[in-house]
Amino acid sequence: MSEDNTKELIIDVKDLTIEKEQYIDDLLRYLEEQLPQIEISRSGNSIELIVPSKMSNRVIKLRIKKFLHRKNLKEKYRPISYNTSDIKGYRIKEKKTLELTYY
């Protein structure tokens, strides 16, 4: 892909790594199968994606959600979009749950 027609996205998987390291490898494999037009590389707790500039970021978020659903992690984790001046991407965070007890 040429540099003009691509953009870079970062997926932070730090919280998911705590659960199980195998989930990260499975996520990489799933994204490669579902979106063959992207380039994927992993460095530590982050996954770097180089995607075509015309591809919507929502497509990536949807694939992450589908992956979490297939691995039965949808109740525990969710992808959150974050944009800073130099980094754009998603962070997979653990859902905050509220448990109510009745007396």
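The table below lists the values:
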| item | result |
| --- | --- |
| One residue from 62, 68 being without any contact (Cβ under 8 Å) to a residue 60 or more places away in the chain, touching a Phe, Trp or Tyr at 6+ places or on another chain (Cβ under 7 Å) and not hydroxyl-bearing (Ser, Thr, Tyr) | 68 |
| Residues (within 12 Å of residue 64 (Cα to Cα) and out of contact with any helix residue (DSSP H, G or I) (no Cβ under 8 Å at 6 or more places or on another chain)) located in region 75-88 | 80 |
| Residue tally, condition out of contact with any Asp or Glu (no Cβ under 6 Å at 6 or more places or on another chain) and either more than 13 Å from residue 10 (Cβ to Cβ) or among the small types (Gly, Ala, Ser) (or both), over region 40-50 | 2 |
| Residue in region 20-32 that is within 23 Å of residue 96 (Cα to Cα), surrounded by 12 or more Cβ atoms within 10 Å (Cβ to Cβ), under 11 Å from the mean Cα position of the chain (by Cα) and among the hydrophobic types (A, V, I, L, M, F, W, C) present | yes |
| Meets criteria (within 17 Å of residue 12 (Cα to Cα), in a loop (DSSP other than H, G, I, E, B) and out of contact with any strand residue (DSSP E or B) (no Cβ under 8 Å at 6 or more places or on another chain)) for residue 96 | no |
| Pairs, first at positive phi in region 10-25, second surrounded by 16 or more Cβ atoms within 10 Å (Cβ to Cβ), C-beta under 8 Å, six or more apart | none |
| Check on residue 28, without any contact (Cβ under 8 Å) to a residue 24 or more places away in the chain and closer than 26 Å to residue 5 by Cα | yes |
| Evaluation of residue 91 against (1) within 13 Å of the chain's Cα centre (by Cα); (2) of a type in the set (Lys, Arg); (3) assigned to a loop (DSSP other than H, G, I, E, B) (one fails), failing number | (3) |
| Meets criteria (exposed (fewer than 14 other Cβ atoms within 10 Å of the Cβ) and charged (D, E, K, R)) for residue 54 | yes |
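We did not get these values from a lab; they are worked out from the coordinates using the rules stated. None of the values given here were measured: they were computed from a predicted structure. No Cβ is skipped: glycine too gets one built from the backbone with ideal geometry, and neighbour counts run over all protein chains shown.
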